[in-house]
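Any read-out appearing in this document is the output of simple, stated calculations on the displayed coordinates, not a laboratory observation. What you are looking at is a predicted structure, and each value in this text was computed from that prediction instead of being measured. Heads up, the Cβs are rebuilt from the backbone with ideal geometry, glycines too, and the neighbour counts pull from every protein chain shown.
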Amino acid sequence: MEKIRISVSSYTYDILLKDMDSFEIYKSNGEVNRNEFLNRLIVNYADEYSLMSKHQLKMIEKSIDKHIEMDEYDKINLTNDILGTIREEFSVRNIDEGSVIISLKPTKESSAIIDYIINEQIENQSISSFFRQIFDSYVNMTQNIRERIIFKEQYNALLKSIDKNKQVFITLRSENGKPFTGSLYCVKDNKEEMFNYCLFEVNNEPQTVRLCRIKSVKIINESLQISERTISLFDFQIEYSPAYPISEKDLEVVKIRMDETGVRMYKRTFLYRPKIYKIEGDVYHFKGSHLQIFNYFKRFGRNAIIISPTYLKMKMENYYRDSYFVYKKSKGE
């Protein structure tokens, strides 16, 4: 099958590129693999998009029937025209910013589905136009939902393992990632709606894996086994940030003294921001992953000082000390 050339807005193109990178869809040379990504998107989302379109058409037809009497042929044409106008309006920001031509080369896995789309699902439009609409629909979703689409097979298998109360054998996409057998507790996205995190118990220990890093999921005939201790840690992790695994030491409250500048920085810095548990004067108490808290506050400098626990305070001291010596050493460069 020949390559398919698709004109998309620069807005849509930029988000597609960012997802290729964020979801780690790479070639062996480290470049993003555009063709693999676009084929995954078509294979995993085309049917859902078609069903959604049919539902939208039915809703429009239902509305027309309430107010206008017309023959079936005219109603179908009007319905399609209304839906097309709505789609064009929603992709407005796109067109104004220019367009980009992208090429999609069907793979062995996608060829049959693309043939089906061409012969059964497209009416009164080109394949390029249909795919552009799919891409526009995709990029208007939040990133965590887009990740579930690109890794639909893995995501559905994980949910099925919970439904069947069975363990899974997981292989990872990284060459350095070791496969493992574990019990899945849940798949949770973070409050920033960026990624999905899979929470497993593996050899009696909690383990967190991002959905996009899972290559395959095999459900095995062993019942789920998750200890009460692990469940307690997972529940704590989910409450504060699914992105950061929790161990027993993370259950200790972190106390940080913030001045007015630190408080302003806290209010303005949203990404992976830890939740305040309690405030005592200028001392702020935080619960959650100590790594998350450390990574968040290390940019605050003297405006946010860790008081306890001691090991985390020392870790921050070492971070700034090491940075100081690196900068001092590079003065002459």
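Table for the structure above
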quantity	calculated
Table column - 3J(HN,Hα) (Hz), the range 304-315, Karplus curve with 6.51, -1.76, 1.60, x for Gly and Pro	8, 10, 6, 9, 7, x, 4, 4, 6, 4, 5, 4
Fully extended contour minus Cα-Cα distance, from VAL283 to SER174, at 0.36 nm per residue	35.1 nm
Estimated FRET transfer efficiency when R0 is 35 angstrom, pair ASN156-MET1 (beta carbons, to 0.05)	0.85
Rough spin-label spacing in nm, given labels placed 7 Å along Cα→Cβ, for MET314 and LYS18	4.1
Pairwise label distance in nanometres, MET52 with SER247, each label 7 Å out on the Cα-Cβ vector	4.1
Mean Cβ count within 10 Å, highest first, over the residues of peptides 239-248, 140-149	239-248, 140-149
Inter-label distance for TYR327 and ARG299, nm, one decimal - labels placed 7 Å from Cα along Cα-to-Cβ	1.6
Other-chain or far-sequence residues with amide H under 5 Å of ILE4's (modelled H)	LEU104, LYS105
Out-of-range pairs (alpha-carbon distance over 24 Å; input LYS188/LYS287; LYS178/LYS275; LYS18/LYS218; LYS3/LYS27; LYS267/LYS298; LYS188/LYS249)	LYS178/LYS275; LYS18/LYS218
Note, ³J(HN,Hα) from phi for the range 191-202, Karplus 6.51, -1.76, 1.60, rounded to Hz, x at Gly and Pro	5, 7, 6, 9, 9, 10, 10, 9, 9, 10, 9, 10
Mean Cβ neighbour count within 10 Å, used as a protection proxy, ranking 253-262, 26-35 highest first	253-262, 26-35
Theoretical FRET efficiency, 1/(1+(r/R0)^6), r = Cβ-Cβ of ILE238 and ASN29, R0 35 Å, to 0.05	0.40
Tensor-based shape of the range 150-245 (alpha-carbon gyration tensor, a/c under 1.5 rounded, otherwise prolate or oblate)	rounded
